[in-house]
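Trainee: This is the structure, below, for whatever I ask next.
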Amino acid sequence: MSESIKYCESLTQYQRLKTRVVHIGDIPLGGEYPIRVQSMTTTDSMDTQATVEQSIRMIEAGCEYVRITAPSIREARNLAEIKKELRKQGYNTPLIADIHFTPNAALEAARIVEKVRINPGNFADRKKFQDIEYTDQSYDEELERIHDRFSPLVKVCKEEGCALRIGSNHGSLSDRILSRYGDTPLGMVESAMEFLRICQSYNYHEIILSMKSSNTRVMVQAYRLLVNKMSAEGLNYPLHLGVTEAGDGEDGRIKSAVGIGTLLEDGLGDTVRVSLTEEPEYEIPVAKALVDRYTHRNGHEKIAVNSDFELSHFEYQPHKTNSVLNIGGDNVPRVLVDLALEPEVNPSTLSQLGYKYFEVEDKWGIGDFACDYIFINKMKINFDLPGTLGVVQVYSVWKDEKLPQHYPQINVSEYLENDSFHSHLNFIYLTLSDLSEDLIKKLKCDQTAVLLIDTYNEHGMSEQREIFRELLAKSCSTPVIIGRYYCDLSVTNMRLYSATDMGALLIEGLGDGVFIAAEKCGTLKEVNQTAFGILQASRTRISKTEYISCPSCGRTLFDLQETTALVRERTSHLKGVKIGIMGCIVNGPGEMADADYGYVGTGVGKISLYRGQNVVQSNLPMENAVDVLIDLMKEDGVWVEVQELDAVF
């Protein structure tokens, strides 16, 4: 990896990025300390008892830092009461004050808690969505203004021994940054670096950095670019990882794993917060499950490196492949489901995979989560299949019957020794060690081949990435299905692990499909929906509505969990529409940066609706806000009635 694209210690050997140690109360961060997990309270920050009780639930779930919002000086001062009560009950967990818009509240909080988090996008700027032209001189004058606004906090933090997180958010970049750098990962990085340089000018280094976005691609690119920029300047501040506004349920967990897990795989990250629209104590087990995979990762089997091909780590550039039937080329990534361990395959089996047989009409209904291919190993199927479904059999069985809609899975030795295959589509199973000059030479001349890649390495994502690097180095355009095997996992961990392992490749533009072979890890339906969820979270195949919902905090003006469920109930059939559900203006039009529509709390029981980042209706009564949102969608021509959808069941 050349210095110009360096963002981690190694692409093939797991190593934590070497960061400096930052002291946060009695729990230091960075260096060789464990990756810490944290969360944020959702109670009213002025309700001391409720906040203390929720903090205790979080701590007992394993939370190592508790973050509490302080939107004004009043709430900042009450942090002292919360801290006092927690210490009185024997809880010494460091507290973090979350500050937006109010530097004076940050000054107050820095004298009380162990760490303050500020957002450079709104600490010294106000967002008015204006495009401003700057000369170098006028921009430098703006930086002087930022210095004057921010430096008092730096001085207080240094005096009090308070740590500081400088947390850029994709959706709340200032007009100044957007005008100078655009809506880009670079803008996020420069937003933080401007504040970091002010800290350095005062010889203050108790700093943590974060680059959060609800878009997993943007989030990963921004963190990588930040490390690259810091490395160029000889800096090594620790990183707080998080996908902001990830949502709830399986979607929120998968999306978090795609973003956070991708960075953890390359050794980035010193603390993790999973942002779910659920009670904060439910975030902790998810964060711990992501982090715990790397406790003993250093001892993995060595990965062979046969290519120095450089991938595009700072921007999304899809790997261009051949089109083989409906795989590769301009096709969306495909989902292949493993049925090898099923006792038999029948119409009931397919009902778990997005298909439904209507006996009276004698036809199949096809849902949005209908898988594209099934792997049946040596089994046979004795019923008529849906016309859109392909069946993959091992070569030894396939070659004897060659049934319609059936395609062979071929190992490398079979592929190199034979030429009698399917005339349109053949799946070649391989691991990194199977790659050879002879294999690649044959693949480059074969317009029917699709690779099904696997790995047995504990550091499997990196090993599979090496397969892609070698194919790209040899200009081999054969489509690739990413396959991974999991056994004896909870459904949650199966989702988290597969989203990490496959999502990390997909958001780098690698892969034409996914194949999750999950033994005793959940039902077929859960595995199939996980595959589609990974593609959705990596933004490579959109199969459902996407909800960008904040996890709530003391600023929230309504019950986010209840409201998210209400909006989801009315709109979940709108495939591909992105809806932001934000509890307050802080997490409003900015944070839902690329949502199509926004539902934002602007007062108690009051909602403002957005089209993109533009407010359309202000201060609507909450009781009818969802109806008005639907009317807005109808006006834009994106609304579809449920009964109008084909094959919904």
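Trainee: Out of S307, S312, I need the residue that is surrounded by fewer than 19 Cβ atoms within 10 Å (Cβ to Cβ) and out of contact with any Asp or Glu (no Cβ under 6 Å at 6 or more places or on another chain). Which one?
Mentor: Details: S307 fails: out of contact with any Asp or Glu (no Cβ under 6 Å at 6 or more places or on another chain).
The unique qualifying residue is S312.
Trainee: Scan segment 480-496 for residues that are surrounded by fewer than 23 Cβ atoms within 10 Å (Cβ to Cβ) and in contact (Cβ under 8 Å) with a residue 60 or more places away in the chain and report the count.
Mentor: Residues in segment 480-496 being surrounded by fewer than 23 Cβ atoms within 10 Å (Cβ to Cβ) and in contact (Cβ under 8 Å) with a residue 60 or more places away in the chain: 2 in total.
Trainee: Restricting the first residue to segment 604-630 and requiring it to be assigned by TED's automatic domain parsing to the domain that holds V567 and in contact (Cβ under 8 Å) with a residue 60 or more places away in the chain, which pairs with a second residue that is charged (D, E, K, R) and assigned to a strand (DSSP E or B) meet a Cβ separation below 7 Å and a spacing of at least six or different chains?
Mentor: Once the first residue is assigned by TED's automatic domain parsing to the domain that holds V567 and in contact (Cβ under 8 Å) with a residue 60 or more places away in the chain and sits in segment 604-630, its partners that are charged (D, E, K, R) and assigned to a strand (DSSP E or B) give M622/K606.
Trainee: Ok, one more. On the given criteria, is P408 buried (at least 18 other Cβ atoms within 10 Å of the Cβ), part of a strand (DSSP E or B) and without any contact (Cβ under 8 Å) to a residue 40 or more places away in the chain?
Mentor: When the stated conditions are applied, P408 passes them.
Trainee: Among the residues of segment 171-191, are any touching a Pro at 6+ places or on another chain (Cβ under 6 Å) and either in contact (Cβ under 8 Å) with a residue 12 or more places away in the chain or closer than 17 Å to L225 by Cβ (or both)?
Mentor: yes
Condition check ((1) free of Cβ contacts under 8 Å to residues at least 12 places away in the same chain; (2) in a loop (DSSP other than H, G, I, E, B)) across all residues:
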residue: V291; (1), (2): no, no
residue: H313; (1), (2): no, yes
residue: P318; (1), (2): no, yes
residue: V332; (1), (2): no, yes
residue: L341; (1), (2): no, yes
residue: L350; (1), (2): no, no
residue: Y357; (1), (2): yes, no
residue: G365; (1), (2): no, no
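Trainee: Let me ask you something else. Scan segment 261-312 for residues that are small (G, A, S) and touching a strand residue (DSSP E or B) at 6+ places or on another chain (Cβ under 9 Å) and report the count.
Mentor: 3
Trainee: Could you please let me know if E133 is more than 30 Å from the chain's Cα centre (by Cα), within 22 Å of T41 (Cβ to Cβ) and either of a type in the set (D, E) or at pLDDT below 95 (or both)?
Mentor: no
Trainee: Now for a separate question. Just to be sure, is Q536 at pLDDT below 95 and on the phi < 0 side of the Ramachandran plot?
Mentor: yes
Trainee: Would a scan of segment 215-225 turn up a residue that is among the small types (G, A, S) and out of contact with any strand residue (DSSP E or B) (no Cβ under 6 Å at 6 or more places or on another chain)?
Mentor: no
Trainee: What's the total number of residues in segment 158-177 that are buried (at least 19 other Cβ atoms within 10 Å of the Cβ) and part of a helix (DSSP H, G or I)?
Mentor: Within segment 158-177, residues that are buried (at least 19 other Cβ atoms within 10 Å of the Cβ) and part of a helix (DSSP H, G or I) number 5.
Trainee: A follow-up question, please. With the requirement that a residue be closer than 23 Å to G182 by Cα, among the hydrophobic types (A, V, I, L, M, F, W, C) and surrounded by fewer than 24 Cβ atoms within 10 Å (Cβ to Cβ), what does segment 197-217 give you?
Mentor: Applying the first criterion (closer than 23 Å to G182 by Cα) to segment 197-217 yields 197-198, 209-217.
Filter again for among the hydrophobic types (A, V, I, L, M, F, W, C), leaving 198, 209, 211.
Listed by number, the list holds a single entry, I198.
Trainee: While we're here: Can you tell me which residues in segment 511-539 are crowded, with 24+ Cβ neighbours inside 10 Å and farther than 18 Å from F369 by Cα?
Mentor: Across segment 511-539, the qualifying residue is only G511.
Trainee: For segment 368-405: of the residues being in contact (Cβ under 8 Å) with a residue 24 or more places away in the chain and touching a Ser or Thr at 6+ places or on another chain (Cβ under 9 Å), which is nearest to L574 (Cα to Cα)?
Mentor: Restricting to residues being in contact (Cβ under 8 Å) with a residue 24 or more places away in the chain and touching a Ser or Thr at 6+ places or on another chain (Cβ under 9 Å), the top hit is D368.
The values are calculated or read from the model by the stated rules, or taken from the named source; none is laboratory data. This one's a predicted model, so the numbers in the text were calculated from it and none came from an experiment. Positions of Cβ are generated from backbone atoms using ideal geometry, with glycine treated the same way; all protein chains shown enter the neighbour counts.
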